[in-house]
Amino acid sequence: YQALEAEKDRLEQRVLERTADLARARTSVESILESSSDAILMVSPDGTIHRSNYALNALYAPKGGISTPLSFYDMVQEEEHFAIQMTMQRVLQNRQPERVEVTGLRADGSSFNAQVSISALNHLETTATQGLVIIIRDVSDQKRAEAEVRLTRDQLRAFIDFSRSGIVLTDSDN
């Protein structure tokens, strides 16, 4: 009987240690997710949001207040819903992540340029798909900078093309 009692105590200790390990791992993962500047969502195949990090609120309602959308589709222009739905279906079928650029919508109705990454969320012990992980990044500043570079390049090209004088370009690095 003492041997059984000792084995029971040893197993209970292992369970306590493993539980503590899992709690530390969970805390670490949650810290990583919450420190991301990108919105990270766990959604069902119909777009219903089940979990998200704090960055979602900053992206969706940047002027304050807690306003979390119920569906990922609430964050995308209606004209893009079908394309997003098709992308989500492909990701679920192929289990290959995809990236798309969409026009995102905020709670106040304003829009922003968004890069969206969609991945299948698979159960760890089975091959069953639990839903989708969607990561949303506001790329509005990047798009503005790209537009400014294009405009400057086009203005320079027009200046060169329509200049009546000769223009010599030199490479200052050489």
Restricting the stretch 17-31 to residues that are modelled with pLDDT under 85 and open to solvent by 100 Å² or more (accessible area, probe 1.4 Å), the residue that is nearest to Ser52 (Cα to Cα): Arg26
Report, by residue number, each residue of the stretch 70-100 that is surrounded by 19 or more Cβ atoms within 10 Å (Cβ to Cβ) and not in a helix (DSSP H, G or I). Val76
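The values are calculated or read from the model by the stated rules, or taken from the named source; none is laboratory data. Keep in mind the model is a prediction, meaning the values are calculated, not measured. Using ideal geometry, Cβ is built from the backbone for each residue, glycine included, and neighbour counts are taken over all protein chains shown. Areas reflect the complete protein model, heavy atoms only, side chains present, ligands, DNA and RNA absent. Shrake-Rupley method; radii C 1.70, N 1.55, O 1.52, S 1.80 Å.
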